[in-house]
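Please read the structure below before turning to the comments.
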Amino acid sequence: MSAPPSELVPTVRPAPTDDRLAPLRERGRRLLDSRPGRALQQYGRDVLRKPQGVEPIERGAFVRVLILWAIARAVNFGLLWGFYSIAKASRWGFGPDSERLGTFWDFLTGWDADRYGQIAAQGYPMSLPMNVSGDILPNNWAFLPVFPFLVRTLSGATGLGWQPAAVLISLAAGLGATWVMFLLLRTVTKPRAAWWAVVFFSFAPLSFLFVLGYSEGLFMLLLFSGMLLAIKRKYLSILPIALVAAYTRPGILALGLALGIIFLVRFFRRRVDPFPVREWASLMATGLTIAVAGLSWNHIAQYVTGTHNAYIRTELGWWLDYVGNGEFTPFTPWFRQAGTHLGVVGIVLVIALVVAFAALLWSRPVRRLGLMVVTYAFSYGLYIFAVFLPQQSTFRLLMPMAPLMADDRWSSTPRRRAAILAGCLALQVVAILLLWTRGNP
């Protein structure tokens, strides 16, 4: 007799499985199904969603932005002339040495602008001023070279004095920054929110800096251009722009960190969003180059002056009147300033500001601005918190976070838009008085 069929087929036993990872997988599934897990997934969907902007930009958009810029700059000049006239008639002192006011050009190129003029004419000092305690005092190494180089170049090419040259460069750069910010926001959000963000940016309380001999406009032109290129995934094109920005104003390290975050996000999502070699290689090269350039000025200053950490110690020279001398430790300046002047209450206020900033970035209207805007805002906020001492210049330092004004809550109703614009104009009057005419910005 033949054997039963079941005996003719060899028994195949299932291979033993390793269930050691099963508890971790189950825990991960539970975490994703929890309320915080679902919130994180929703956050990711909002940040990573396809940009909601309308392209191409309609014809005549540049003319609209140009008219807006011209009106805003006319308001700036009018307010500055008014305060200049009051200060001159009242014989107020102006600038770090409280000197008598001279011409209107002197008024437009005071404070830090005057240091740019010194650098344009004389370059940087070979030695650093010190007090009797060995602390380095404020000096021109705190100011990066691109803006004074452009001032010197334009002045030499046209025969203009350095003061008109500095103001003209600032005006042109401010127009460029306004237009590129408009392009950037039209790429990531709806037309109404983008337009009103540019309106608020143009009339913002510190917008009068765009008609002074300051480098803020130039830095934001370069920064917004880099962000726009990153959204379009033209990573290698960011490199020359970022290199110029690195020697225009401090802050380019934040863009490098943002690009690093984008690299990680795209790497881990490469199965759903292809990340070809050409893109990841150019993104990595750009991010690393920005990091090197952003850290290089301290080494350049150290090499030229022969003083260890010359740039960092120069920046600390501006802290002496607020918190005294001491070593620089990242992520402590805000607590140090608050603790020195307000004690425990100050520490609590700093923590509250950190929580409020995190809540802002978590909010849906902001995260819907997309990965580039959110990662840059996070990176720049982290940078300011890590290295800068909060003082009156903090308001000026926050200007590069202007794309956050495309949060559609700002422009959702006509009444809200009118109130914010009126507030901008009122605060601009206060800012010109307190942060320019009677105090430094």
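Side notes on the structure shown:
- Proximal aspartates and glutamates to Lys234, defined as alpha-carbon separation beneath 13 angstrom and excluding residues fewer than eight positions away on the same chain: Glu279
- Taking every alpha-carbon pair under 8 Å whose residues sit at least 6 apart, the range 129-228 reaches a relative contact order of 32 percent.
- When the Gaussian network model of the chain links Cα atoms closer than 10 Å, the mean-square fluctuations of Leu259, Leu24, Leu427 top out at Leu24.
- For Met130, the residues whose modelled amide H falls within less than 5 Å of its own, excluding neighbours fewer than 5 places apart on the same chain, are Leu137.
- Within the same chain, lysines fewer than 8 places from Lys190 are excluded, and of the rest, those with a Cα less than 22 Å from its Cα are Lys50, Lys232.
- Each peptide in 315-323, 197-205 was scored by the mean count of other Cβ atoms within 10 Å over its residues; highest first, the order is 197-205, 315-323.
- Residues in the range 277-301 that a label on Asn309 would reach, taking backbone N under 17 Å of a point 7 Å out along Cα→Cβ: 295-301
- Solvent-accessible area per residue, Å², over the chain with all protein chains present [probe radius 1.4 Å]: 51 Å²
- Stretchable slack from Leu353 to Arg278, in nm (0.36 nm times residue separation minus alpha-carbon distance): 23.0 nm
- With a cut-off of 12 Å between beta carbons, the residues surrounding Lys234 carry a summed charge of +2, where Lys and Arg count +1 and Asp and Glu -1.
- Label corresponding to Cα extents along the principal axes in Å when calculated from the structure given, among (i) 95, 59, 39; (ii) 124, 56, 49; (iii) 63, 52, 47: (ii)
- As a length-normalised measure over Cα pairs under 8 Å and 6 or more apart, the relative contact order of the chain settles at 21 percent.
- The accessible surface of the range 389-441, taken with every protein chain in place and a 1.4 Å probe, is 69 percent carbon and sulfur.
- Dipole magnitude of the chain about its Cα centre (Cβ charges: Lys, Arg +1; Asp, Glu -1), debye to nearest 20: 1700 debye
The values are calculated or read from the model by the stated rules, or taken from the named source; none is laboratory data. Quantities reported herein were computed from a predicted structural model and do not represent experimental measurements. Heads up, the Cβs are rebuilt from the backbone with ideal geometry, glycines too, and the neighbour counts pull from every protein chain shown. Remember, those area values only see protein heavy atoms, side chains included, never the ligands or the DNA or RNA. Shrake-Rupley method; radii C 1.70, N 1.55, O 1.52, S 1.80 Å.
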